[in-house]
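**Student:** Submitted below is the structure of interest, expressed as structure tokens.
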Amino acid sequence: MKLVTYERKGKPRAGALIDGGRKIVDLADAHKEAFGKSFAGFGSVLAMIEAGDAALDRAYETVKKGKTGAIARKGVKLLAPIPVPPQMRDCLCFELHLKQSFAAARKVRANATPDPKAAMAEFERTGVLSVPKTFYEQPIYYKANRFSVIGTDVDVVWPSYSKLMDFELEFGFYIRKKGVDIARDQARDYIYGYTIFNDFSARDAQTQEMGGQLGPAKGKDFDNGNAMGPCLVTADEMKDPYNLAMTCRVNGEEWGRGNTSSMHWKFEDLIAHVSRSETLYPGEFFGSGTVGNGCGLESMRFLKHGDVVELEVEGIGILRNRVLTHKE
């Protein structure tokens with residue numbers, strides 16, 4: 001099932017996409033029509049996840065019986081599947097992205113110095129901004145700002161302190177149920193579903209702050225910086241998350257593509273690692289990190305005012321956002 005959170009009269013509603021994504025079934029309304037009573041689990045997509053497998057089963061029954069009240073998707077504002085996730089972690093799963101990004105980041109930092117050539121030589125000598133050994137030893141992640149999440153077709157006004165505007169082609173998953181010390185061979189059962197993630201990045205701020213060795217901060221944390229959507233595809237409909245084509249376009253021009261098959265770390269690895277002595281809760285989001293060739297930095301191309309970024313992941317859909325240097 002493809003679940004969405006859409007806006008009606010200024011309030012979020014839980015829905016399901018039908019007819020190839022052209023229509024939305026409002027789950028709460030359809031359930032009341034079909035069964036003559038309300039169902040608390042359809043109060044939101046997060047409430048549905050928290051209600052467990054019974055709520056998803058009820059959603060299938062509801063959609064089957066309640067298609068008559070479906071509304072057209074066109075013109076409806078979609079929020080992120082979970083507008084404010086309980087927790088967000090973004091991980092590093094793609095080796096090619098790291099190799100290419102660190103090489104480009106050295107150029108960005110060197111170009112900000114009085115003598116870029118000398119700076120590059122020093123960076124290469126000392127190993128600054130090279131793929132860390134830790135990446136090959138364990139999954140690496142940071143906790144993202146869950147309050148700056150937006151959905152598809154929402155504008156991103158770039159932070160005033162940055163000039164290098166970039167996007168990140170990622171996908172990710174939501175935790176299905178509470179768990180701690182989860183074994184890798186049991187981890188797939190903890191995945192509720194998948195969505196597309198655009199971890200917008202202020203590259204100049206990011207390359208400066210990473211020298212502090214505490215991970216990204218203002219390079220990632222700004223209003224509307226975490227775009228997600230357009231929907232959540234439940235795990236039962238995504239049989240193989242590790243063979244999906246991923247494509248990024250800017251103003252209709254393809255900038256890069258990759259495939260989830262190139263992940264160095266799988267989602268099961270992330271769950272097993274993060275859940276060590278730490279309880280995970282329903283609705284938490286994990287990002288995959290950027291696929292190789294999935295951002296502008298890797299080819300030293302950056303966004304400009306008015307650019308429209310489209311991220312597409314096979315089986316999920318298209319996440320679209322426009323970037324502005326100032327509000328229009």
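**Student:** From the list Ala54, Ala34, which residue is over 30 Å from Val274 (Cβ atoms), over 25 Å from the mean Cα position of the chain (by Cα), of a type in the set (Gly, Ala, Ser) and not in a loop (DSSP other than H, G, I, E, B)?
**Tutor:** Among Ala54, Ala34, only Ala34 is over 30 Å from Val274 (Cβ atoms), over 25 Å from the mean Cα position of the chain (by Cα), of a type in the set (Gly, Ala, Ser) and not in a loop (DSSP other than H, G, I, E, B).
**Student:** Of all residues in the range 280-291 being under 16 Å from the mean Cα position of the chain (by Cα) and in a loop (DSSP other than H, G, I, E, B), which is farthest from Gln87 (Cα to Cα)?
**Tutor:** For the range 280-291, the residue satisfying everything is Val291.
**Student:** Exactly one of (1) buried (at least 17 other Cβ atoms within 10 Å of the Cβ); (2) within 30 Å of Pro12 (Cβ to Cβ) is unmet by Lys77. Its number?
**Tutor:** (1)
**Student:** Hey, another quick one. Contact list please: Cβ distance under 6 Å, first residue in the range 155-176 and over 22 Å from Thr247 (Cβ atoms), second residue among the hydroxyl-bearing types (Ser, Thr, Tyr) and part of a strand (DSSP E or B), pairs at least six apart or on different chains.
**Tutor:** Qualifying pairs under 6 Å: Tyr174/Tyr192; Arg176/Tyr192.
**Student:** Still on this structure: Right, Ile71: farther than 26 Å from Met246 by Cα and touching a Lys or Arg at 6+ places or on another chain (Cβ under 8 Å) or not?
**Tutor:** yes
**Student:** Specify the residue that is farthest from the chain's Cα centre (by Cα); the eligible residues are those in the range 132-154 that are surrounded by 15 or more Cβ atoms within 10 Å (Cβ to Cβ) and among the charged types (D, E, K, R).
**Tutor:** Only one residue tops the list, namely Asp153.
**Student:** Grab the strands (runs of 3 or more DSSP E) fully contained in the range 200-279, keeping just those with 3 or more residues being under 26 Å from Val108 (Cα atoms), in contact (Cβ under 8 Å) with a residue 60 or more places away in the chain and in contact with a strand residue (DSSP E or B) (Cβ under 9 Å, 6 or more places away or on another chain).
**Tutor:** Where strands (runs of 3 or more DSSP E) fall fully within the range 200-279 and carry at least 3 residues being under 26 Å from Val108 (Cα atoms), in contact (Cβ under 8 Å) with a residue 60 or more places away in the chain and in contact with a strand residue (DSSP E or B) (Cβ under 9 Å, 6 or more places away or on another chain), they are 245-250.
**Student:** Now a separate question. All but one of (1) at pLDDT below 95; (2) aromatic (Phe, Trp, Tyr); (3) crowded, with 22+ Cβ neighbours inside 10 Å hold for Phe35; state the number of the condition that does not hold.
**Tutor:** (3)
The values are calculated or read from the model by the stated rules, or taken from the named source; none is laboratory data. Everything quoted here is computed from the prediction, not taken from an experiment. Cβ coordinates were reconstructed from backbone atoms using ideal geometry, including for glycine residues, and neighbour counts include every protein chain displayed.
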